[in-house]
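J.: Handing you a structure now.
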Amino acid sequence: MSQINFNGKFVTPAKIVCVGRNYVAHIHELGNEIPKEMVVFMKPVSCISSELYAKHLDQEIHYESEISFLVISGKIHGVGFGFDLTKRDLQSTLKKDGLPWERAKCFDGAALFSKFIQFNGLIESLSVKLFVNNALRQDGGVSLMMVKPDDIIAQISSFCKLEDFDIIMSGTPSGVGKLQQGDIYRGEIYSGDTLLVKEEWVAH
């Protein structure tokens, strides 16, 4: 599955561009240093799945919930909830050895998304919440981002053309954790107090 639902129609992004270390509290919880420049990595569209798996090739997976943007004509046109899934132990090993993260971030099923809806409101009003078995685990928004969405677009566009229906994952707030088989994960995107998008998965 390489398509996502945008306003009721299925479209295929060319790429998923991810921003790392964009929330200070999340940087601290993983013991990382605050970056001097925006951290960027990419996931291939082959990562996209509708099924949430707690393991991949017997390796544990951690969840990271994110405000995700859909790009059209080089601008933010839609918003949805996204899961950036990570093999945390493998990522830590690769980082320690100074190697790229792809094996920990780009496996099949490493990206899940809600539907995307067109959004013309204030980007600054957006926030994300993640509930695990109805308990709030992650809660953050644009106001807490180190690099704001407009600047994210500008920085990515300075070295890489954003094509229509590309997805930008804008980073995760603190509260990440290990996926557990049988747990229910509910992601929500808000504009202020208004719920825009909601999606629920059960981990297999």
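J.: Within the range 125-148, is even one residue hydroxyl-bearing (Ser, Thr, Tyr) and part of a strand (DSSP E or B)?
T.: yes
J.: Okay, moving on. Show the residue pairs meeting these rules: Cβ distance below 8 Å; 6+ apart or different chains; first residue within the range 152-174 and over 21 Å from ILE117 (Cβ atoms) and among the β-branched types (Val, Ile, Thr); second residue part of a loop (DSSP other than H, G, I, E, B) and at pLDDT 95 or above.
T.: Going by the 8 Å Cβ cut-off, the qualifying pairs are ILE156/LEU162.
J.: Anything in the range 169-204 that is under 12 Å from VAL128 (Cβ atoms), part of a strand (DSSP E or B) and not small (Gly, Ala, Ser)? List them, or say none.
T.: Within the range 169-204, MET169, ARG186, GLU188, ILE189, TYR190, LEU195, LEU196, VAL197, LYS198, GLU199 meet the criteria.
J.: Follow-up. Which of the residues belonging to the range 62-102 are in contact with a helix residue (DSSP H, G or I) (Cβ under 8 Å, 6 or more places away or on another chain), of a type outside the set (S, T, N, Q) and farther than 16 Å from VAL17 by Cα?
T.: HIS62, LYS87, ARG88, LEU90, LEU94
J.: Which residue out of ASP166, ASP151 is touching a Pro at 6+ places or on another chain (Cβ under 6 Å), at negative phi, of a type in the set (Asp, Glu) and at pLDDT 95 or above?
T.: So the residue among ASP166, ASP151 that is touching a Pro at 6+ places or on another chain (Cβ under 6 Å), at negative phi, of a type in the set (Asp, Glu) and at pLDDT 95 or above is ASP166.
J.: Can you tell me which of LEU85, LEU57, LEU52, LEU99 is among the aliphatic types (A, V, I, L, M), at pLDDT below 95 and at negative phi?
T.: None of the other options fit; the residue is LEU99.
The values are calculated or read from the model by the stated rules, or taken from the named source; none is laboratory data. All of these numbers come straight from a predicted model, not from anything done at the bench. Because the Cβ atoms are built from the backbone with ideal geometry, glycine has one as well, and the counts that use them run over all protein chains shown.
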